[in-house]
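The values are calculated or read from the model by the stated rules, or taken from the named source; none is laboratory data. The shown structure was predicted, so the numbers you read here are calculated from the model rather than taken from an experiment. Don't worry about glycine lacking a Cβ; one is built from the backbone with ideal geometry, like all the others, and counts go over all protein chains shown. Calculation scope for accessible area: heavy atoms of the full protein, side chains included, ligands and nucleic acids excluded. Shrake-Rupley method; radii C 1.70, N 1.55, O 1.52, S 1.80 Å.
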Amino acid sequence: MTAVRTARAAVAAALAAGLVTTALAAPALAAGPAAPAQRDHAATQAALRAAVDAGVPGAVAQARVDGRSWTGTAGERGGDDRYRVGSITKTFVATVLLQLQAEGRVDLDDPVEKWLPGLVRGNGHDGRKITLRQLLNHTSGVSSYTEDPAFQQKVFGPGFLQHRYDTWNPRDLVGIAMEHAPDFAPGTSWNYSNTNFVLAGLVIEKVTGRPYGKAVENRIVKPLKLRATSVPGTGVNVPRPSSRAYSTLVPDPSAPVHDVTELNPSLAHAAGEMISDSADLQTFYRALLKGRLLPKAEMRELTTTVPVSPQHPRFRYGLGISWQELSCGTEIWGHGGGIHGSLSEAYATRDGRHTLAANINADWTGDTQAVIEAEFCGTAPKE
């Protein structure tokens, strides 16, 4: 399918098989036993070096503990680099919808049909039976357009080099999903679907009358002064400072490596098109978890989680945000994200006192979950 290892192998058992190689990542899952947490960040720096030793061109991580910041890099990366954050976009989108609910402009228990009449229909899909809440916590059953074989070949596989500048209409992305049967009846199970958040973005546009990205900018980016964060739309470049992004575009890690930095992110829309840096991502999650962006009632809804799999009881999903209990017992909230040549993680403790954002500029190798465990548990990567 594609070389983009967005959810990493550990996720495969809990998430749909197609997610492991789709360009819009699900969050990573926790590993095995670990040592008590450390605060000198030595283990985190070692995890970055291990990623580069495994073949990643460059890695960056930034952490903040009780107001004190640390930045680590390895390989061809700068500490202030901007990068594509993939599915971390989903937390921004969910936050906007919750803000609109708090204002009385939408209700998360509204059926999708109310806002997008006739769009979610076909092969068993029925927008009258799916709520906005089910989109945000991935219990809708809506098929993910990124699992469509033809889309994968054109966008994630070797066809990417020919189609990297194509513009995708979000309704057409939904249409691709409607060509397939639902994964399950709404509300009966869990499966990560990028279509859910394309739909969420379209709902924001219907409610506000403007592109969803404008709502993200006006409601989150500008108030928090996130100067490195943007919703690029169809813009193909990553603003400087930034590093290049690399992919093999096929599952074989020994295949030739391609520079995939430039691409039209409309292929991801509200499921994963945003760009940011490690400082901004930490600011966002810290503000979100401390209640600066949502009233208490909406915060309770954001952090009400559902299980993703009996095999992974230490991982649950809220509304565009995930919860996981790490091997050392530390509980963190945030999201992972991946898109061509870029794998990112952004997590924080519930009180916002300890935050981490990290990225590697390759998608065929490197263990970003090891960076998470290193920072929050002090676990050195395995030799």
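Figures for the structure shown
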read-out	value
For N137, net neighbour charge (Lys/Arg +1, Asp/Glu -1) across residues whose Cβ lies under 11 Å away	+2
Distant-in-sequence amide H partners of R82 (H built 1.01 Å from N, under 5 Å)	S242, S243
Per residue accessible area in Å² of the range 101-158, where ligands, DNA and RNA are left out and the probe is 1.4 Å	38
Per residue, the convex hull volume that the Cα atoms of the chain enclose (Å³)	115
Spin-label pair T188/D53, simplified geometry with 7 Å Cα→Cβ offset, distance in nm	4.8
The range 168-327: radius of gyration over Cα atoms, expressed as a fraction of 2.2 N^0.38 Å	1.17
Nearest-10 value in Å² for the accessible area of E301, using the 1.4 Å probe	40
Radius, Kirkwood style, for the range 236-325 when every pair of distinct Cα atoms is counted (Å)	16.5
Surface share of carbon and sulfur [accessible, 1.4 angstrom probe, percent] for the chain	50
Formal net charge of residues neighbouring G213 (Cβ-Cβ distance under 10 Å; K, R +1; D, E -1)	-1
Relative contact order for the range 250-346, counting Cα pairs under 8 Å that sit 6 or more residues apart, in percent	20
Heavy atoms of H312: accessible area, 1.4 Å probe, square angstrom to 10	40
The chain: relative contact order as a whole-number percent, Cα under 8 Å and 6+ apart	31
Where the range 245-383 is the region considered: accessible area per residue in Å², 1.4 Å probe	31
Backbone N within the range 186-208 under 15 Å of label point (7 Å from V306 Cα along the Cβ vector)	186-197, 200
Set K90/K296; K114/K214; K154/K214; K222/K290; K206/K296 screened for pairs whose C-alpha atoms are more than 27 Å apart	K154/K214
Gained length - T167 relative to R68, 0.36 nm times residue gap less alpha-carbon distance	31.5 nm
Under Karplus coefficients 6.51, -1.76 and 1.60, residue-wise ³J(HN,Hα) of the range 148-161 in Hz, glycine/proline x	5, x, 5, 5, 4, 5, 6, 9, 9, x, x, x, 4, 4
When the range 241-383 is reduced to its Cα atoms, the Kirkwood hydrodynamic radius in Å	16.6
Mean Cα-pair separation over length for the range 169-283, i.e. relative contact order, pairs under 8 Å, 6 or more apart, %	29
Rg to Rh quotient for the range 91-165, alpha carbon positions, Kirkwood Rh	1.10
Exposed-site-free run, longest, the chain (rule: chymotrypsin sites (Phe, Trp or Tyr not before Pro); DSSP loop; at most 15 other C-beta within 10 Å)	185-383
Fluctuation leader among A200, A270, A42 - the chain, Gaussian network, Cα springs under 10 angstrom	A42
GNM top mover of G79, G338, G122 - the chain, alpha-carbon springs below 10 Å	G122
Pairs of Cα atoms farther than 24 Å apart, the range 27-186, %	57
